[in-house]
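Here's the structure, in structure tokens; my notes come after.
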Amino acid sequence: MPLLNDEIRQEVSKILADLPGPVRLVMFTQEFECEYCTETRQLVEEVAELSDRITAEIYDFQADRAKAEELGIDKIPAIAVIGAQDYGVRFYGIPSGYEFASFLHAIQSVAAGKPELSDATLRVVAGIQKPVHIQVFVTPTCPYCPQAVMLAHQLAIASPLIRADMVEAMEFPHLAVKYQVMGVPRTVINETVHIEGAAPESHVVAKLQEALKA
């Protein structure tokens, strides 16, 4: 049974029409002991069917360990959204509910390869000299989470040193405990700096600078 009904498929087809570049949805699954792997794979394949510029690549997390390590994938289900280059845009857990919008936006963004950020932010990002890892913890029912996820992904597109992950908190409870996720969205930068809620771009950039000084 399809995850996307005819009405949604038509709407998504319009959203993904005229993508400026090709996009690869590189998904890692493992049928054994992965509760949402099957649904995530199905979602990736159904979305890929809606544009001739999108390709779905499915890998087994264990059998294709080298590929997972190449892309820095350390848990499943995982989706790397890759355009002309790998911008470090990642989804861990199924991008369902409100996060489906983040998923479609990520596809559009990597296809374009141009970050939607202010000039002030781009100047800060251009000066980054060491790796940055941004994790945005979300749930599918959180209407404010996509804003945080989209901003993190834009930062990743802006710099080869930034990797940004959407992490579905309920699918990875051990991480939710580790990072003390009491509410969502909760953004963690380089393990040390935390942001509660969907903060404005300027605040996130200030926290990014704080993390770089830690």
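Restricting attention to region 21-40, the residues being surrounded by 21 or more Cβ atoms within 10 Å (Cβ to Cβ) and either farther than 19 Å from Asp74 by Cβ or among the basic types (Lys, Arg) (or both) number 1.
Can you give me the ranges of the helices (runs of 4 or more DSSP H) entirely in region 133-214 with at least 2 residues that are among the acidic types (Asp, Glu), over 18 Å from the mean Cα position of the chain (by Cα) and surrounded by 15 or more Cβ atoms within 10 Å (Cβ to Cβ)? Spell out the reasoning first.
Numbers: elements: 145-158, 173-178, 201-213.
Output list is empty.
So which residues in region 191-207 are over 17 Å from Met166 (Cβ atoms) and of a type outside the set (Asp, Glu), if there are any at all? Matches in region 191-207: Thr192, Val193, Pro200, Ser202, His203, Val205, Ala206, Lys207. Test Val26 against the criterion of being within 16 Å of Ser96 (Cα to Cα) and modelled with pLDDT of 95 or more, and give yes or no. No. Contact map, region 160-173: residues that are in the same structural domain as Ala198 (by TED's automatic domain parsing) paired with residues that are assigned to a loop (DSSP other than H, G, I, E, B) and of a type in the set (Gly, Ala, Ser), Cβ distance under 7 Å, separation 6+ or inter-chain. Pairs shown: Ile162/Gly88; Arg163/Gly72; Arg163/Gly88; Ala164/Gly88; Val167/Gly93; Glu168/Gly93; Glu171/Gly93; Phe172/Gly93.
Residue-by-condition table, conditions (1) outside the structural domain of Ala164 (by TED's automatic domain parsing); (2) within 23 Å of Ala169 (Cβ to Cβ); (3) within 15 Å of the chain's Cα centre (by Cα):
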site: Leu19; (1), (2), (3): yes, no, no
site: Gln42; (1), (2), (3): yes, yes, no
site: Glu49; (1), (2), (3): yes, no, no
site: Ile58; (1), (2), (3): yes, no, no
site: Ala63; (1), (2), (3): yes, no, no
site: Ala66; (1), (2), (3): yes, no, no
site: Ile73; (1), (2), (3): yes, yes, yes
site: Tyr87; (1), (2), (3): yes, no, yes
site: Ala101; (1), (2), (3): yes, yes, yes
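Listed by position, the strands (runs of 3 or more DSSP E) inside region 1-91 whose residues that are without any contact (Cβ under 8 Å) to a residue 12 or more places away in the chain and either more than 23 Å from Ile162 (Cβ to Cβ) or of a type in the set (Ser, Thr, Tyr) (or both) number at least 1 form an empty set. Checking every residue in region 108-124 against the condition of being assigned to a loop (DSSP other than H, G, I, E, B), more than 25 Å from His194 (Cβ to Cβ), touching a residue at least 60 places away in the same chain (Cβ under 8 Å) and of a type in the set (Ser, Thr, Tyr) gives zero matches.
The values are calculated or read from the model by the stated rules, or taken from the named source; none is laboratory data. Keep in mind that this is a model prediction, so the values were computed, not measured. Positions of Cβ are generated from backbone atoms using ideal geometry, with glycine treated the same way; all protein chains shown enter the neighbour counts.
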